[in-house]
1. Mean-square fluctuation check for the chain, GNM, Cα pairs under 10 Å: which of Arg115, Arg16, Arg166 is largest?
2. Residues with amide H under 5 Å of Lys70's amide H, sequence separation 5 or more or different chain, H placed in the peptide plane at 1.01 Å from N; which?
3. Please compute the contact order of the stretch 117-183 in relative form: average sequence separation of alpha-carbon pairs under 8 Å and at least six residues apart, divided by the residue count, as a percent.
4. Does anything in the stretch 107-142 have its amide N under 18 Å from the 7 Å Cα→Cβ label point of Arg16, and if so which residues?
5. On a 0 to 90° scale, report how tilted helix 28-44 is relative to the longest principal axis of the chain, with both axes built from alpha carbons and the result rounded to the nearest 10.
6. So what are the ³J(HN,Hα) numbers for the stretch 92-103, from phi and the Karplus equation (6.51, -1.76, 1.60; θ = phi - 60°), rounded to whole Hz, Gly and Pro as x?
7. Starting from the amide H of Thr102, placed 1.01 Å from N in the peptide plane, find each other amide H under 5 Å away whose residue is 5 or more places distant or on another chain.
8. What is the stretch 79-141's relative contact order, in percent, from Cα pairs under 8 angstrom and six or more apart in sequence?
Amino acid sequence: MLTMKDVIREGNPVLREKAVEVPFPFSDEDIKTANQLLEFVKNSQDPEIAAKYHLRPGIGIAAPQIGISKRIFAFHVTDENGNLYSYALLNPKIISHSVQMTYLDGGEGCLSVDREVPGLVPRYAKVTVKGFTPDGSEVNLKLKGLPGICFQHELDHLDGIMFYDRINEKQPFEPPANSVVIR
Ligand SMILES: O=CN(O)CCNC(=O)c1cccc(Cl)c1Cl
Ligand code: NI
């Protein structure tokens with residue numbers, strides 16, 4: 001199982017690379033990576049497992065964060081209505097997005113960043129996304145709220161972008177134009 005020792009931290013150049021698409025049909029290795037990422041996120045949210053293995057809780061994780069520069073990430077996150085979004089996705093992408101923006105009231109955090117970075121992170125309020133599950137099925141989702149923000153945070157990891165790259169340096173707590181806050 002993946003633990004925190006597998007997570008690479010800022011300063012490692014892999015976090016700034018553009019990850020490569022995963023060839024189809026998916027190899028056993030890439031399928032294993034996808035499933036391990038989802039298992040890690042679930043474990044990190046399980047109080048007993050997280051305590052036993054000293055896992056920092058997260059709602060998602062991307063392959064570059066374990067040193068694998070491939071377009072794979074996983075998320076396990078519940079929206080404001082209690083709907084659970086639990087996926088390991090290969091070759092994920094945003095198909096379309098709202099003009100409206102959003103942001104988490106408390107900002108964002110990252111397993112690869114061992115420090116607090118205060119500030120609001122502008123995200124699209126709604127995203128239409130697609131990707132492939134490890135068994136090769138295509139997934140098409142319309143995401144908003146925390147699941148939508150999480151998808152964008154993980155997709156950024158595949159493009160070498162860290163959440164703090166998006167914080168307004170001059171006015172870190174200035175709500176983005178045309179945005180709705182998520183508390
Ligand atoms: O890339 C994934 N991580 O670094 C896992 C740790 N961060 C989080 O769970 C997290 C926390 C706040 C907002 C977002 Cl959007 C995310 Cl994703
Ligand atoms: Ni992260």
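Nothing in this text is a laboratory measurement; each read-out follows from the coordinates by a stated rule. This is a predicted model, so every value here is computed, not measured. Every residue, glycine among them, receives a Cβ derived from its backbone with ideal geometry; neighbour counts consider all protein chains shown.
1. Arg115
2. Those qualifying (amide H under 5 Å, at least 5 residues apart or on another chain) are Val20.
3. 40
4. 112-115
5. Its long axis makes an angle of about 50 degrees.
6. x, 7, 8, 8, 7, 8, 6, 6, 4, 10, 8, 6
7. Arg123, Tyr124, Ala125, Val180
8. Result for the stretch 79-141 is 39 percent.
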